[in-house]
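Engineer: Shown below is the structure under consideration.
The values are calculated or read from the model by the stated rules, or taken from the named source; none is laboratory data. Since the model is a prediction, treat every value here as computed from it, not as a measurement. Virtual Cβ from ideal backbone geometry, glycine too; neighbours counted across all protein chains shown. In case anyone asks, the SASA skips ligands and DNA or RNA and just uses the protein heavy atoms, side chains included. Shrake-Rupley method; radii C 1.70, N 1.55, O 1.52, S 1.80 Å.
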Amino acid sequence: NDKIKHLLEPDSLPWAGRIQFHRLNIKHDSRLEGLIKMADLVINLAAICTPADYNTRPLDTIYSNFIDALPVVKYCSENNKRLIHFSTCEVYGKTIGSFLPKDSPLRQDPAYYVLKEDTSPCIFGSIEKQRWSYACAKQLIERLIYAEGAENGLEFTIVRPFNWIGPRMDFIPGIDGPSEGVPRVLACFSNNLLRREPLKLVDGGESQRTFIYIKDAIEAVLLMIENPDRANGHIFNVGNPNNEVTVRQLAEMMTKVYAKVSGETVLESPTVDVSSKEFYGEGYDDSDKRIPDMTIINKQLGWNPKTSLWDLLESTLTYQHRTYAEAIKKSIAKPSAS
């Protein structure tokens, strides 16, 4: 609630009175079909989508991303309602390049690592690596939505986000989320910076990721909403291939940016390496690179991301310092006071 409060001030914003909230469990609530019947468009964002949950709560992960989404797809199809469904870049799994010998020059060839919606395969680890429970569930619901489109005429758009980040995008453990919770990488690192702790690099932080500013990403989604003729039947990567870094480089960059926005000195040892087993538990596995091909979204919607990684980190960390620094200082001070 706190994260959208500023959007609902009745005096200042014209749309506040037009928003209705219905709290329901999409698994088994009889109101769901009626609400979908009333809608012009359904956007499904319901999901467990935090990596820390994939191998500790694989059943919840599979249910929330596949089983619980089935009624939403079914009601949209039966009632001729357009569906924008949020999937994930995780559906691609590992790149083809990651299976080549370490010294193979083909690893440098974009054909082996750039991820294309219509041609890249989905490559996952073994069944014991429960980390892939999320990707598999997301892939299967995508296939079901696509099949509903092909067989029953469902109008759909599938969105594959590539690490959307920005203010209010995640929780800070113990402040606006569970204290035992482990959020996604940016909020994990922000939490460490706010508490003046070293940033934990899982397996050395060698995985490579691309990051996109939430404002750029929302612009892409609005284009999908406003242009059904150009968006229906398509799967869209929404990411920023120009903002690619290793997780270690991200940690180093965030450390510099946070020192700038907070005025605090950098720790003597700003990072610490931890094993994935120690951090995530048994059954963790990872993808090497995630670089989105932007051809389809550019052609269909004329969209390109704008914000550089430095600028989006500066904006996000400025917000997080302003919002959380005092609350964290108080929470750290409490135990010693008692």
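Engineer: Toward the positive end of the charge dipole of the chain, about the Cα centre and with charges on Cβ (Lys, Arg +1; Asp, Glu -1), which of Thr246, His6, Phe189 goes farthest?
Structural biologist: His6
Engineer: Further question on the same structure: Just grab the label-to-label distance for Ser269 and Arg143, each label 7 Å out from Cα along the Cβ direction, in nm (one decimal).
Structural biologist: 4.6 nm
Engineer: 7 Å from Cα along Cα→Cβ at both Ser308 and Arg18: what's the point-to-point distance in nm?
Structural biologist: 3.7 nm
Engineer: Note down the relative contact order for the chain as a percent, whole number, built from C-alpha pairs under 8 angstrom at least six residues apart.
Structural biologist: This gives 20 percent for the chain.
Engineer: Please compute the per residue accessible area over the chain with all protein chains in place, 1.4 Å probe, rounded to a whole number of Å².
Structural biologist: That works out to 52 Å² for each residue.
Engineer: Take the Cα coordinates of the chain, assign each an equal point scatterer, and use the Debye formula without solvent to give log10 I(q)/I(0) at q = 0.11 Å⁻¹.
Structural biologist: Each listed q maps to, in turn, -0.80.
Engineer: Can you give the % of DSSP beta bridges in the chain that are antiparallel, to the nearest 5?
Structural biologist: 10 percent
Engineer: May I ask which residue of Ser77, Ser87, Ile19 lies farthest towards the positive end of the charge dipole of segment 1-105, with charges of +1 (Lys, Arg) and -1 (Asp, Glu) on Cβ and the Cα centre as origin?
Structural biologist: After comparing all options, I get Ser77.
Engineer: Here's a follow-up. Relative to the Cα centre, what is the charge dipole magnitude of the chain, using +1 at the beta carbon of each Lys and Arg, -1 at the beta carbon of each Asp and Glu, and rounding to the nearest 20 debye?
Structural biologist: 480 debye
Engineer: Sticking with this one: Put +1 on the Cβ of each Lys and Arg and -1 on the Cβ of each Asp and Glu in segment 288-338; which of Leu312, Ser331, Ile297 then has its Cα farthest toward the positive end of the dipole?
Structural biologist: Ser331
Engineer: Related question: Just flag the GluC sites (Glu not before Pro) in segment 147-200 sitting in loop per DSSP whose Cβ has no more than 16 other Cβ atoms within 10 Å.
Structural biologist: Sites meeting the loop and neighbour criteria: Glu180.
Engineer: Could you tell me what percent of the accessible area of segment 4-331 is made up of carbon and sulfur, with a 1.4 Å probe and every protein chain present?
Structural biologist: 52 percent
Engineer: Now for a separate question. Find the relative contact order for segment 86-171 and round it to a whole percent, using C-alpha pairs within less than 8 Å whose residues are 6+ positions apart.
Structural biologist: It comes to 42 percent, rounded to a whole number.
Engineer: In the structure shown, do any of Lys27/Lys329; Lys277/Lys330; Lys5/Lys289; Lys37/Lys129; Lys74/Lys306; Lys129/Lys289 have a Cα-Cα gap over 30 Å, and if so which?
Structural biologist: Those over the limit are Lys27/Lys329; Lys277/Lys330; Lys5/Lys289; Lys37/Lys129; Lys74/Lys306.
Engineer: Could I ask something else about it? What residues qualify as long-range amide H neighbours of Ile43, i.e. H under 5 Å apart, gap of 5 or more or another chain, H built at 1.01 Å from N?
Structural biologist: Residues meeting the criterion, in which the H sits 1.01 Å from N, are Ile84.
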